[in-house]
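The values are calculated or read from the model by the stated rules, or taken from the named source; none is laboratory data. Not measured: the values here are computed from a predicted model. Glycine also receives a Cβ, built like all others from the backbone with ideal geometry; neighbour counts cover every protein chain displayed.
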Amino acid sequence: MKNCPVCSGQELKAVYTKQGVEIDICTSCEGIWLDKSEIYYFVKDSNYVYEALCAAIKNRKATTRKSPITGEEMVELPLFNSSVMIDYCPKTGGIWLDKGEITKFPANQAALDVDKGFFKKDNESSEKVKPSRSVVAHAAGLLPLPNLALSSTMVLVGMYSLLTLGLITAVEFAGVTPGMALIVGIIVALIQFLLGPFLMDLSLRWIYAFEWVKPESLPEHLRAFITKISQENSIKFPRIGLIHDGGPNAFTYGHHPNNARIVITAGLLELLDEKEIEAVVAHEVGHVVHWDMLVMTLAQLVPLIFYYIYRTLIRMRSRGRDRSAAARYAIAIGAYILYIISEYIVLWFSRIREYYADRFSGQTTGAPGQLASALVKIGYGLAGRDSSEKKDEDSKRSAAMKGIEPLGIFNAKHGSTLALASGISSKSMGGEIDKDTLRDVAKWDLWNPWATFYELNSTHPLIAKRIRMLSNLSVVMGKEPYVEFDERKPESYWDEFFVDLIVQSLPWLVALAWCIFNGVSFVMTLLNTGTWASTSTLSGANFGTLVLLFGVGYLIRTFFAYPDNQFAPMNIKALLKKIKVSAIRPVPCKITGTIVGRGVPGLIWSEDFILQDETGIIFLDYAQPLGIINFLFGLLRAKQYHNQEAEVIGWYRRAPVPYIEIKEIRTAGTASSCYVYYAKLIWSIILMIGGILLFFV
């Protein structure tokens, strides 16, 4: 709870701005509280304001006003030749602005653009609405999931029916022999199912520092727990593997429940407490008990075979007058469409089974909150710590895990870009995770349409949604939910989403418009003159117009995705509170912290980094125009940055997890710049010049 430093006992109210950032206001005195670095979201020239703040801190004066965060006395800062007096919290870096002070900032460089409609009296009454969806859902009982057995049967029967239809069509109309079609299905199925686990065993030994652990070598509590749930579910004690790596993760694979392998990392054992470890293992056992290994293998075969059919038909060469060529290409396109459809069905199916594995864990342990806590630590990189805990540099763990994806605790594709502010204040309760910070980060998952877009392409549900389901299970079981995501979305974020989508697709939309225009022109010419085409439709000038317009679209997209005017000083927590952010709509930022590890733990040529500041950890994406440069940098230079204090200038993005694309990275002894932005600018200019040359040639 944050209290107003002016009005005694008045609680501050959290509101959302049009910039997509949450701030705190006092509805009584109309003052505004901005957490550290948040002011830079609202000013024109962030560097100008930063320098003014740094200068003002040297001339600070004592004040009796108390910080809404710490309750300690703040200081008064004279800004812009003392034309503005603000209150500043030295411990947290937060700023208090009295009513009217936002209008005193210099208009041309530091004008504060903060919404003015927050203080209307009807704004308070608008919050007195019907209960949140979360409360209503809990009252209705356990949130429903599709029946596991029925959905499994329908998905497998439906997809294999489509596969059978596709094979029959290929046999009848595309010249594919029945024997070939049958062999394709059998070979792919056998390789995938029979050899898959053994290939996984080999890859673990070759790629990771890995070993199989005997049951008696496991921690006593974990051995007893696995023995108990194995006996309860009539399965053999699974084979346990350990990856000696600081990245926290767990996954399972195998042929059937009685030869299942469960692999965990050393980082998981270090990061989680005993109950959380048991909850994660119970999640993996849930996959085993539900036969997910076999079911998902069978499901994943269908899109694989459709893609094989597509590639085979496309590569078949025509001989003489091949009358089946048109049918073959049509079937190839149909096979590719079915491949895409079946892929999304498999992804949906996988997400459903993840929910069931989560529910199995919560019901088996009797404490769904333990798995929720583990998901936050693993998937978001957030760990609560005791205030008395020794913060030794060697104990800082990477939050990234570029691991294997089969039936894991979270999506490994997204695991390499994890961050969440630790948000632990001096008054936090021991090792508890700060729930307010968690809610701030989860809002992007729950509100931004891009989150849904990314989830559709993921094997795992968004972590915020999994935590919400586990909280619902806790309430139904009569236990305290781990966290409630009960805030109502303040606005629709679809307008920004569609703008992002249009800009992202702009070069191809231009090309599509060119094709439609010329297609219509071609048809009109054919209808009016009876000739095959006019010379202008297929001319070099017309094609040059396409290349020129494509280059212009590419340039606009590059400028949108790489704003290069202001790199505001930020911290990780302030970045994570931003909701209106995506892979194409970034936040230019400058951030300082310690490089605590590589992006892929243990991989000697990993060029990416993990950075930690006083508020959290975040993934740094080091990217050059050529992949070989990334490889050489990771192999030869990246280790020089480890455990170094670094200043990073770049673009903060979220897709779906947070990361910063590096523009420049500097330490005391070394520095490096990335040139993807400049390469894209050059490429767009080359396209435009090429289009102009084609137009006049």
Problem - Of all residues in segment 3-59 being buried (at least 18 other Cβ atoms within 10 Å of the Cβ), modelled with pLDDT of 85 or more and among the small types (Gly, Ala, Ser), the one that is nearest to Pro490 (Cα to Cα) - result: Gly31
Practice task
Pull up segment 433-458, narrow it to residues that are free of Cβ contacts under 8 Å to residues at least 60 places away in the same chain and in a helix (DSSP H, G or I), then point me to the one that is nearest to Phe498 (Cα to Cα).
Solution key: Pro449
Fill in the blank from the handout: The number of residues in segment 644-688 that are in a loop (DSSP other than H, G, I, E, B) and exposed (fewer than 13 other Cβ atoms within 10 Å of the Cβ) is 3
Practice task
For segment 567-587, state whether one or more residues are over 22 Å from the mean Cα position of the chain (by Cα), part of a helix (DSSP H, G or I) and either surrounded by fewer than 22 Cβ atoms within 10 Å (Cβ to Cβ) or outside the structural domain of Phe453 (by TED's automatic domain parsing) (or both).
Solution key: no
Problem - Some residue of segment 465-484 being assigned to a helix (DSSP H, G or I) and modelled with pLDDT under 75 - result: no
Fill in the blank from the handout: Listed by range, helices (runs of 4 or more DSSP H) wholly within segment 268-380 having at least 1 residues that are farther than 17 Å from Ile463 by Cβ are 274-289, 292-315, 325-365
